[in-house]
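Engineer: Got a structure for you, written out below as structure tokens; questions coming shortly.
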């Protein structure tokens, strides 16, 4: 994964412009919305020091999505969060889980987060399964108002302690 740049506009347009990929937003992004999203991402880098990263497939060098730690604001409260948006051609291949796991590790180990959340639409079963594979549990819900609509979201969360307990490598057995 690497920092997103303005040169990533074409890949971002391909991925974010796909209505199937962006169904949680209930529409594919227009070119203007992609530019705005890239600008918001750059502003997050400046303000927070981190944001979505471009997920680059090792074998092809192609951008396959955007994954990363974010600051999420829910009902006026700021939280460390993770998010993932993948090209539909890469769904089901483990990339979201791999990238989200790296984002969680970064949030806990580098950013000092005590708790990390993910905002997920209730009907987004695939994203919910990713969060659950990472040890996140449903911790609440809220309504996000977007483009004139109330959009229900679940809050998935995992604490630093839960993350550490579920990601410990067991010691190697001792030789007799």
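Engineer: With an 8 Å Cα cut-off and a minimum separation of 6 or more residues, compute the relative contact order for the chain in percent.
Structural biologist: Averaging sequence separation for qualifying contacts and normalising by length gives 15 percent for the chain.
Engineer: Also: When the Cα atoms of region 78-121 are enclosed in a convex hull and the volume is divided per residue, what value in Å³ results?
Structural biologist: About 76 Å³ per residue, rounded to a whole number.
Engineer: If the viscosity is 1.002 mPa s and the temperature 20 °C, what translational diffusion coefficient in µm²/s does Stokes-Einstein give for region 1-66 when Rh comes from Kirkwood over Cα pairs?
Structural biologist: 176
Engineer: Ordered by packing density, taken as the mean number of other Cβ atoms within 10 Å over each peptide's residues, highest first, how do 147-154, 52-59 rank?
Structural biologist: So the order, starting with the most tightly packed, is 52-59, 147-154.
Engineer: Largest first and to the nearest Å, give the Cα extent of the chain along each principal axis.
Structural biologist: 64, 39, 31
Engineer: Let me ask something else. Got a sec? How would 106, 23 order by Cβ neighbour count within 10 Å, fewest to most?
Structural biologist: Fewest-to-most Cβ neighbours within 10 Å comes out as 23, 106.
Engineer: When 142, 50, 80 are ordered from fewest to most other Cβ atoms inside 10 Å of their Cβ, what list results?
Structural biologist: 142, 50, 80
No value in this document is a laboratory result; all are computed from the given coordinates. Everything quoted here is computed from the prediction, not taken from an experiment. In this analysis, Cβ positions are derived from the backbone assuming ideal geometry, glycine residues included, and neighbour counts consider all displayed protein chains.
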